[in-house]
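Here, each number is a calculation from the coordinates, and none is a lab measurement. Quantities reported herein were computed from a predicted structural model and do not represent experimental measurements. In this analysis, Cβ positions are derived from the backbone assuming ideal geometry, glycine residues included, and neighbour counts consider all displayed protein chains.
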Amino acid sequence: MIQDIRLMKGNEALAEAAILAGCDAYFGYPITPQSEVLEYLAREMPGRGRIVLQAESEVSSINMVHGAAGAGFRAMTSSSSPGISLMQEGISYMAGAELPCLIVNVNRAGPGLGTIQPGQGDYFQSVKGGGHGDYKLIVLAPASVQEMADFVFLGFDLADTYRNPVLILSDGAIGQMMEKVQFKPYEKPDFDKSWATVGKPPTRKRNSISSLHILPEKMEQHNLKLLAKFNEIESKEVRYEEMQTDDAYYLFVAYGLCARICHKAMDIARAKGIKIGLLRPITLWPFPEQKLFELAGKVKHMLTVELNTGQMVQDVKLAVNGKVPVSYYGRLGGMVPTPEEIVQHLETIINYHHAN
Amino acid sequence: MQTELLELPVTETDRVVPQCQDVEVFEQVYHRPAALVDAPMHYCPGCAHSLVHKLIMEVVEEMGIQEQTIGVAPVGCSVFAYDYMDVDMQQAAHGRACAVATGIKRLMPDKYVFTYQGDGDLAAIGIAETLHAINRGENFLIVFINNAVYGMTSGQMAPTTLIGMHTTTSPYGREQSFYGAPIKVAELMATLPGSYYVTRQVVNSANGVRRTKKALQNAFKYQQLNKGTCLVEIIGNCPSNWKMTPIEANRFIDEEMVKAFPLGDVKVPGEG
């Protein structure tokens, strides 16, 4: 059998995957570096009976997703950092109303308008909720064009399983780069959507989709219900990739583009005799805390590599709970570290902390 | 018990006949529409919301479209509309009802979709979503309650607050040089080619109620044609925040509100 392998941009692979994953509706607004998603779907979806609509703002996009998802359809939107900020209100409402949807952030450097080059400065916003109130998003961090495609299928299924928004946190480099990608056969599972607002037959009570519980007693019960769901997700959905940790003295912790660069840095360091491994969180929430705690019993030092001023490093520190020292190295403003400079920083740490 | 009829002109069809278990000679000429939930409403005495809720649900029932109707509730006094209207509903973030309704209607073009929004929700924070939905000619109904004030948050100035009107945030009266003039939503939206039917009505008199119901009937029926957005602006009242009795508030509509917001059809099918 001939395999369907294509050469595609990350953003386009993600868009094609959305069609194959049975996305019924896409609502979006142009912003660099992810406009290819809207452009690709504007071209490809109408002929397949799907809905694609360019909204007047990201605020509107996410609320159109609310409407479509609330009617029981697979709906998604995508944007980049400033646009994702505008969506936070709608995301909070959808998390509160327990509506499944897929949101894609092709992260650029900030704050403010920042620049269109890759960044990971939206880590905190992504994994700590992002909008107002007490909620979590399931956050998937692709490190290749292949994963840009794969995580769309996974993301929609997780969203439908848990009735919760799922965020794919990519970056400008993964979104823009071209790699080979293979689309695997996919069959959409059946999900119970009896809660959807499709028109009330006489046989059931009306469906109301709302995040409002005005009585504190009821709101607390709702918060506890969400908490139980988040606890279940934490116990079942942690995903990570572990490389060369068996004999590792040191450990890189990096996701997305930085994990790709750390692959190469790991090869360079090992060629120099430094035994280093890599833990790549695939789900940034739920975070692989337990795995990191285990590894903290094996390695002498952990080094996070991030395109921000040090965000994930805080979660790694929480995870290892003081068992090993954790350092951070990063580049900012759309600049990307070379493998060599990462190794250089690693060597500085080793010489300073572990010389003897 | 005598029911005071608020000095409104009363016709035979308006007269409420008391129900009595023991006497079967009375004919029931009025009933709560089945599509309106039998629940006490949280609205203040004399408020127009409950009446408009009833009118919408009467139309839904009479057209036999309860199963095909999906509503979108706003943020504002009518945030709980889904507790009273016995149809599937989504409650949207403040101002975003038309975006949510777009998502619903685009996926289910054969259903009847309506939003129910106040002046703060529609004309302030949500005017972009409203204007663009109408400009796209989204094929749903917008029911717009204009009572010139933020009701739920206790009487702050709205985009439709009249010039000189005192509110908690315009305590010396709204000045046009400082806050601009009240937005005439119906007239504004009628300029957009995407709007199909735009009308402004009142519910402070029996005639007004009948005309409003007719407007809602038209608007729901026009959804079958897929010709564009219908906007029914209804001048509401707010006795609590206008600091008036319901009777005074209803009089204020006739004496002041309709001067700024002229009544009648602004755009009817075939025009524009």
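Overall form of region B:157-206: oblate. Here a/c, set by the Cα gyration tensor axes a ≥ b ≥ c, is 1.5 or more, and a/b is not larger than b/c.
Treating the beta-carbon of each Lys and Arg as +1 and of each Asp and Glu as -1, no other charges, what is the dipole magnitude of region A:138-223 about its Cα centre, to the nearest 20 debye?
600 debye
Working from label points 7 Å from Cα in the Cα-to-Cβ sense, the A:HIS263 to A:GLU39 distance is 2.6 nm. Take each residue in B:219-226, count the other chain C-beta atoms within 10 Å of its C-beta, and the mean is 0.
Only beta bridges with both residues in chain B are counted; by DSSP, about 20 percent of them are antiparallel. Relative contact order for region B:139-253: 33 percent, from Cα pairs under 8 Å spaced at least 6 residues apart, divided by residue count. The distance linking region A:260-325 with region B:96-117 is 47 Å (Cα centroid to Cα centroid, whole angstrom).
Give the lysines reachable from B:LYS227 as a straight Cα distance under 30 Å; neighbours fewer than 8 places away on the same chain don't count. Correct list for B:LYS227: A:LYS200, B:LYS54, B:LYS105, B:LYS111, B:LYS184, B:LYS213, B:LYS214, B:LYS267.
Starting from 0 in steps of 10 Å, tell me what percent of the Cα-Cα pairs of the protein assembly as shown lands in each bin. With a bin width of 10 Å, the distribution comes to 3, 15, 23, 21, 16, 11, 7, 3, 1, 0, 0.
Direction-averaged projected area, Cα convex hull, region A:289-356: 4.8 nm², rounded to one decimal. Based on DSSP H segments of at least four residues, each scored -39500 (n - 2.57), chain A has a per-residue ellipticity at 222 nm of -13000 deg cm²/dmol.
In region A:176-244, the inverse of the mean reciprocal separation of distinct Cα atoms equals 17.4 Å; this is its Kirkwood hydrodynamic radius. Sorting B:92-105, B:234-247, A:329-342, B:164-177 by their mean Cβ neighbour count within 10 Å, with the most densely packed peptide first, gives B:92-105, B:234-247, A:329-342, B:164-177. Of the residues A:GLN244, A:GLN54, A:PRO142, the one whose Cα sits farthest toward the positive end of the charge dipole of the protein assembly as shown, with +1 on the Cβ of Lys and Arg and -1 on the Cβ of Asp and Glu, is A:GLN244.
By DSSP, the beta bridges lying fully in region A:1-143 are antiparallel in about 10 percent of cases. Take each residue of peptide A:204-214, count the partner chain Cβ atoms within 10 Å of its Cβ, and average: the result is 6. Taking a temperature of 37 °C and a viscosity of 0.692 mPa s, what whole-number D in µm²/s does Stokes-Einstein yield for region B:60-134 with Rh from Kirkwood over alpha carbon pairs? For these conditions, the coefficient is 266 µm²/s. Spelling out what I want: for every residue of region B:255-266, take phi, set θ = phi - 60°, compute 6.51 cos²θ - 1.76 cosθ + 1.60 (Karplus), and round to whole Hz; glycine and proline get x. Running phi through 6.51 cos²θ - 1.76 cosθ + 1.60 with θ = phi - 60° gives 8, 10, 4, 6, 5, 7, 10, x, 7, x, 6, 9 Hz.
The convex hull built on the alpha-carbon positions of chain B has an orientation-averaged projected area of 14.8 nm².
Other protein chain C-beta atoms within 10 Å of residue C-beta, averaged over B:67-73: 5. From the alpha carbon centroid of region A:53-82 to that of region A:122-199 is 14 Å. Summed over qualifying helices (DSSP H, 4 residues or more, each -39500 (n - 2.57)) and divided by its residue number, chain B shows a 222 nm mean residue ellipticity of -8000 deg cm²/dmol.
In region B:159-272, what % of DSSP beta bridges are antiparallel (nearest 5)? Restricted to region B:159-272, the bridges split so that about 30 percent are antiparallel.
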